[in-house]
Amino acid sequence: MIRVLNIIEDTMVDGPGFRTSIYCAGCGHRCPGCHNPQSWAFDGGREMSTAELLKIVMDDPFANVTFSGGDPMYQAAGFAELAQAIHAQSQKDIWCFTGFTYETLIHDDQRELLEHVDVLVDGPFIRALHDPDLLFRGSSNQRLIDVPRSLYAGHVVLWQPGNILPTDVSPCLSPHLHGS
Ligand code: SF4
C-alpha cells in the first residue's frame, strides 16, 4: 500500500515526455522554501494498493512514470513493489524525486526502491542554490542520476537525455520540482 496525495496523468514537468506522476504523502526533510509543505504529513491522502496504481499507470500505453511527493523513499517498500510490476509489464521508464542523496540510499533499506528506478532526482531543496532555469529540479545541488549506470559503475553517473538503460541490466514543483 502507498499513501497517495494525487495522481496527474500526461504531465510534462516531472521528467521528459508525457508522464503519469504519483504524488505520495509524507516528507521528513522539511526543506526551507519547499514548494509543497502540505505534502509533509505522513497521514495525508489515502492508501492505494499496488494493483490500483498499476492499473492507472498501465491504462496509458504511452506515458512514462514519475514517483514524487512528499518523498517516495519514506514508502520505499510499496513503491519498489509498484516499480517492479511496471517494469515487468512494460518498457516505461521510472523517475523518482527524493530529498535523500544517492549516496545515502545505496547503503540503506531504501536501496530496494533505488534498484527499480531509472532516474533519481536526489537531494534536499536548498533555497540558496535555487535556480529556476534548472531542468526538472529546483536547486543546483540536486542531480539527475542515471541509476542503472551508476550502480554498474559504482559511482554517480548523471542522466543524459536519451540515455536510459533498462533497470534489469543493472547489477544488482511545477506541481513539485522539490522546492522550486
Ligand atoms: S522540497 Fe522535497 S524533499 Fe524537501 S521538504 Fe519539500 S517535498 Fe520534502
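Values quoted throughout were computed directly from the atomic coordinates according to the rules given, and no laboratory measurement underlies them. Not measured: the values here are computed from a predicted model. Backbone-built Cβ (ideal geometry, glycine too); neighbour counts: all protein chains shown.
Could you run through segment 26-64 and say how many residues are away from the ligand (no atom under 11 Å from the Cβ) and either part of a loop (DSSP other than H, G, I, E, B) or under 13 Å from the mean Cα position of the chain (by Cα) (or both)?
12
Within segment 82-99, is there a residue that is touching a Lys or Arg at 6+ places or on another chain (Cβ under 6 Å), aliphatic (A, V, I, L, M), more than 15 Å from the ligand (Cβ to nearest atom) and within 22 Å of residue 17 (Cα to Cα)?
Step one: filter segment 82-99 for residues touching a Lys or Arg at 6+ places or on another chain (Cβ under 6 Å), giving 86.
Then drop every residue that is not aliphatic (A, V, I, L, M), which leaves 86.
So of that shortlist, the ones also more than 15 Å from the ligand (Cβ to nearest atom) come out as 86.
If we keep only those that are within 22 Å of residue 17 (Cα to Cα) too, we end up with 86.
Yes, because at least one residue in segment 82-99 is touching a Lys or Arg at 6+ places or on another chain (Cβ under 6 Å), aliphatic (A, V, I, L, M), more than 15 Å from the ligand (Cβ to nearest atom) and within 22 Å of residue 17 (Cα to Cα).
Just the residues that are surrounded by 16 or more Cβ atoms within 10 Å (Cβ to Cβ), part of a strand (DSSP E or B) and either within 14 Å of the ligand (Cβ to nearest atom) or among the acidic types (Asp, Glu) (or both), please, taken from segment 7-21.
21
Can you tell which of 85, 63, 41 is touching a helix residue (DSSP H, G or I) at 6+ places or on another chain (Cβ under 6 Å), aliphatic (A, V, I, L, M) and surrounded by fewer than 22 Cβ atoms within 10 Å (Cβ to Cβ)? Show your work before the answer.
Numbers: 63 fails: touching a helix residue (DSSP H, G or I) at 6+ places or on another chain (Cβ under 6 Å); 41 fails: touching a helix residue (DSSP H, G or I) at 6+ places or on another chain (Cβ under 6 Å).
The conditions single out 85.
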